[in-house]
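J.: Take a look at this one; I'll ask things after.
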Amino acid sequence: MARRDEAFTAYVAARRPQLMRAAWLLCGDPHRAEDVVQAALARLYVAWPRVQRADSVHAYVRRAVVNAHIDETRRPWRREASAGDRLPDAPVTGPDVAELEALWVALGALPPKQRRVVVLRHYWGLSVEETAADLGVSPGTVKSQTSAALAALRDALAEPVHHETELEYR
């Protein structure tokens, strides 16, 4: 039992930050992301001996996070509050804060299925086939969801066109 706990603890310590970021991208709220990751890790712990022997522990964990997010969105009290309206409390380094805010708003506006596909394909870098397997859908569905999501993100993040007009003074 101690060996099992050591292996599980080592895996979680190494992967938790990436799982948190992915869950945060899925749900748009750091507090809900924590709940999603906790639920996924609880399931993982129970299945750890079997999962550890599997071909891909990472695939199992990704699927557990996505499934935990789906379960969270189905809870009645989650439908009452608006999700994804908050930015992180921690200071942001890297891209401009306004750009990040626009990205969060655009991601939050995507339907959940499209958001899941974008996170799996473009955050975790999975192939179409891996994404389809993780979500339990066909590769064609992944392609169409990705296409629709990226088009929506492009539209939402497009620079507004400013037309300069000349004023004539008479």
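The values are calculated or read from the model by the stated rules, or taken from the named source; none is laboratory data. Just so it is clear, the structure is predicted and the values come from calculations on it, not from any experiment. Note that we place each Cβ from the backbone using ideal geometry, even for glycine, and neighbour counts take in every protein chain shown. Each accessible area value is taken on the protein alone, full model and side chains, heavy atoms only, with ligands, DNA and RNA left out. Shrake-Rupley method; radii C 1.70, N 1.55, O 1.52, S 1.80 Å.
J.: Looking at (1) touching a Lys or Arg at 6+ places or on another chain (Cβ under 8 Å); (2) more than 15 Å from D155 (Cβ to Cβ); (3) modelled with pLDDT of 60 or more, which one does E101 not meet, given that it meets all the others?
T.: (1)
J.: Further question on the same structure: When you look at A47, is it surrounded by 18 or more Cβ atoms within 10 Å (Cβ to Cβ) and either touching a Cys at 6+ places or on another chain (Cβ under 8 Å) or assigned to a helix (DSSP H, G or I) (or both), yes or no?
T.: no
J.: Related question: For segment 108-131, state whether one or more residues are on the phi > 0 side of the Ramachandran plot and either modelled with pLDDT of 90 or more or open to solvent by 20 Å² or more (accessible area, probe 1.4 Å) (or both).
T.: Kept after step one, since they are on the phi > 0 side of the Ramachandran plot, are these residues of segment 108-131: 125.
Now restrict to residues that are either modelled with pLDDT of 90 or more or open to solvent by 20 Å² or more (accessible area, probe 1.4 Å) (or both): 125.
For segment 108-131, residues on the phi > 0 side of the Ramachandran plot and either modelled with pLDDT of 90 or more or open to solvent by 20 Å² or more (accessible area, probe 1.4 Å) (or both): present.
J.: Here is a follow-up. Please go through segment 134-148 and pick out each residue that is touching a residue at least 24 places away in the same chain (Cβ under 8 Å) and surrounded by fewer than 17 Cβ atoms within 10 Å (Cβ to Cβ).
T.: Selection gives A148 alone.
J.: Now a separate question. Kindly provide the set of residues from segment 79-98 that are exposed (fewer than 11 other Cβ atoms within 10 Å of the Cβ) and modelled with pLDDT under 55, ordered by number.
T.: Those that are exposed (fewer than 11 other Cβ atoms within 10 Å of the Cβ) and modelled with pLDDT under 55: R79, E80, A81, S82.
J.: Answer with yes or no whether A59 is exposed (fewer than 14 other Cβ atoms within 10 Å of the Cβ), not polar (S, T, N, Q) and not in a loop (DSSP other than H, G, I, E, B).
T.: Working: exposed (fewer than 14 other Cβ atoms within 10 Å of the Cβ): no; not polar (S, T, N, Q): yes; not in a loop (DSSP other than H, G, I, E, B): yes.
So A59 fails the test.
J.: Among the residues of segment 2-23, is any at pLDDT below 90 and assigned to a loop (DSSP other than H, G, I, E, B)?
T.: Among the residues of segment 2-23, not one is at pLDDT below 90 and assigned to a loop (DSSP other than H, G, I, E, B), which makes the answer no.
J.: Could you check how many residues of segment 8-38 are farther than 24 Å from L110 by Cβ and surrounded by 14 or more Cβ atoms within 10 Å (Cβ to Cβ)?
T.: 4
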